[in-house]
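Structure record follows, encoded as structure tokens.
The values are calculated or read from the model by the stated rules, or taken from the named source; none is laboratory data. Just so you know, these numbers come straight off a predicted model, no measurement behind them. Cβ placement follows ideal geometry from the backbone for every residue including glycine, while neighbour counts extend to all protein chains displayed. Keep in mind that these areas ignore ligands, DNA and RNA; they rest on the heavy atoms of the full protein, side chains included. Shrake-Rupley method; radii C 1.70, N 1.55, O 1.52, S 1.80 Å.
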Amino acid sequence: MPARRNLQLLVLALLVVAAMLVPSVGRATGGRYAFAGGTPRQQAEVVRALEASSFDWDVVPARITIHIQRGVSAHATPGQIWLDADLLDAGSFAWGVVQHEYAHQVDFFLLTPDARAQLLRELGGTSWCSQADVRRDQLGCERFASTVAWAYWPSADNCMRPQGPRAARVARFRKLVSGLIETDIRSTGGGH
């Protein structure tokens, strides 16, 4: 009987340790998307990444195709996301990148020019997203996507953690985005 009790305690301890190793999960819904490529494990990482965020990805009114390929740089165009299979093989380290790229879909489908201008003032940057001669970190669209990834999944595991003064504005950013998206959904008839 003592051996059985010890085994039960060992199993319980292992379950507790395993639970502590899993990154925190948000309350969001995961969006509408289909995969093009990737292994079941890589696709599952994308699902876990979107579920970890508390952002409601379902507000994006389009079905997104998520392409998983080896050696591709992560990027997004309207309705499309490309992710590197090697990055997804890294597990939760990739989650911030997945969220960042999906946040571009929020920009593409929900933000108006006025909303982008307001976000550019809030986040700083040189232009929103269209100037080829501007460094990527100075583009408002990149700052927006990274800040969405961090603000809705502020985990130590998130590679999108902002540096400097922007790090302290999470609550303000979330309130601003919520207001802009709700306004845009009402004015365009988009969303659910």
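Quick notes on this one:
- Put simply, the amide H of S127, placed in the peptide plane, has neighbours under 5 Å in G140, leaving out anything fewer than 5 places away on its chain.
- Radius of gyration and Dmax over the Cα atoms of the stretch 59-137, both given in Å: 13.8, 38
- For T65, the residues whose amide H sits under 5 Å from its own are A34, Q80, I81, ignoring neighbours fewer than 5 places away on the same chain, with H placed 1.01 Å from N.
- Neighbourhood charge, 13 Å Cβ-Cβ cut-off, centred on P78 and excluding it, Lys, Arg +1 and Asp, Glu -1: -1
- Unit Cα scatterers, Debye sum, the stretch 40-79: log10 I(q)/I(0) for q = 0.14, 0.16, 0.25, 0.32 Å⁻¹: -0.38, -0.50, -1.13, -1.23
- As a calculated quantity, the FRET efficiency between A3 and Q138 at R0 = 45 Å, using C-beta atoms, amounts to about 0.10.
- T147 accessible area, assembled protein chains, probe 1.4 Å, Å²: 20
- Label-to-label distance for V170 and A156 is 1.4 nm, based on points extended 7 Å past Cα in the beta-carbon direction.
- FRET efficiency for the R41 to S178 pair, using the beta carbon distance and R₀ = 35 Å, is estimated at 0.55.
- Summed side-chain charge close to D89 - residues other than D89 whose Cβ falls under 11 Å, Lys, Arg +1, Asp, Glu -1: -1
- Subtracting the Cα-Cα distance of T65 and A117 from their residue separation scaled by 0.36 nm leaves 16.0 nm.
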